[in-house]
Each structure stands twice: as structure tokens, then as C-alpha cells.
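Enquirer: Shown below is the structure under consideration.
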Amino acid sequence: MANPSVPHVIGVTLDAQGVALTKVIFTNFTSGGIQIVATDASKNALIDCADFENGYSNGDVIGVENAGASIGGETVTIDTTEGMQLVSLDAAAASTTSNIGM
């Protein structure tokens, strides 16, 4: 059962190809809800899963997606035996070209 009053933090760090100050979208695929945050200058971001609109439960699958000047994605399964879970996100620079009009 979801317990929105107990914090559970997921932190993400973008790899060397990631771009600082880009958006990271956290999606609870199991119980629903989305949180969008920006990475800091060191390419880190974090959320508290208790802030998902439906809370969270042990075993929920969370999608972590970087969007903006760099892109990448991972999933993490909530493990409540850990106080905080860390994700290292492999990112790639987003294309800055367009094929419009070609």
C-alpha cells in the first residue's frame, strides 16, 4: 500500500555526455504520477517518491528520463529497504539540427 508520509528519495546523476540544467522526468509506471525537476550545475537531481500524486509502494517501477539539451532514460524499482536510491543516467547530447524543409 502506498505510504505518502514516508520519504523515499531517488537521486539521478547525468554522465559526462549529459547537460546541466536540463529536465528530468520521473514517472511512476506502477501507481501513476509524474514529477519534473531540473538538474543542477553538477548534473544532479532528486525527488521524494512520497510526492507522487498517488504516493509509492515498495516494488513500484519508476522511469527516469532526461529531456532537453541531452536525452537518456533508465528505470529503477523502489526498494524501501534503502533510504535513498541513486541512478547514474547515460545521456547523449540532443540533436540541434532540423530536417524541416528538406
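Enquirer: Just one of the numbered conditions (1) more than 13 Å from Ser88 (Cα to Cα); (2) surrounded by fewer than 15 Cβ atoms within 10 Å (Cβ to Cβ) is not true of Ala16; which one?
Expert: The failed condition is (1).
Enquirer: Here's something else I'd like to know. List every residue pair whose Cβ atoms sit under 8 Å apart, with the two residues 6 or more apart in sequence or on different chains, where the first one lies in the stretch 39-50 and is surrounded by fewer than 19 Cβ atoms within 10 Å (Cβ to Cβ) and the second, anywhere, is in a loop (DSSP other than H, G, I, E, B) and of a type in the set (Val, Ile, Thr).
Expert: Once the first residue is surrounded by fewer than 19 Cβ atoms within 10 Å (Cβ to Cβ) and sits in the stretch 39-50, its partners that are in a loop (DSSP other than H, G, I, E, B) and of a type in the set (Val, Ile, Thr) give Ala50/Val6.
Enquirer: What's the number of the only condition in (1) modelled with pLDDT of 95 or more; (2) out of contact with any strand residue (DSSP E or B) (no Cβ under 8 Å at 6 or more places or on another chain) that Thr77 fails to meet?
Expert: Thr77 satisfies all of (1) modelled with pLDDT of 95 or more; (2) out of contact with any strand residue (DSSP E or B) (no Cβ under 8 Å at 6 or more places or on another chain) except (2).
Enquirer: Restricting the search to the stretch 51-74, which residues are surrounded by 15 or more Cβ atoms within 10 Å (Cβ to Cβ), among the aliphatic types (A, V, I, L, M) and at pLDDT 95 or above?
Expert: The answer is Ile62, Val64.
Enquirer: Determine whether Ser88 is in contact (Cβ under 8 Å) with a residue 60 or more places away in the chain and surrounded by fewer than 15 Cβ atoms within 10 Å (Cβ to Cβ).
Expert: Yes; evaluated as a whole, the condition is true for this residue.
Enquirer: A follow-up question, please. Which members of the stretch 1-48 meet the condition of being β-branched (Val, Ile, Thr) and touching a Gly at 6+ places or on another chain (Cβ under 6 Å)? Even if it seems obvious, please write down each step before you answer.
Expert: Quick first cut of the stretch 1-48, residues β-branched (Val, Ile, Thr) only: 6, 9-10, 12-13, 19, 22, 24-25, 27, 30, 34, 36-37, 39, 47.
Correct list: Thr22, Thr27.
The values are calculated or read from the model by the stated rules, or taken from the named source; none is laboratory data. All figures in this text were calculated on a predicted structure; none of them were measured in a lab. Every residue, glycine among them, receives a Cβ derived from its backbone with ideal geometry; neighbour counts consider all protein chains shown.
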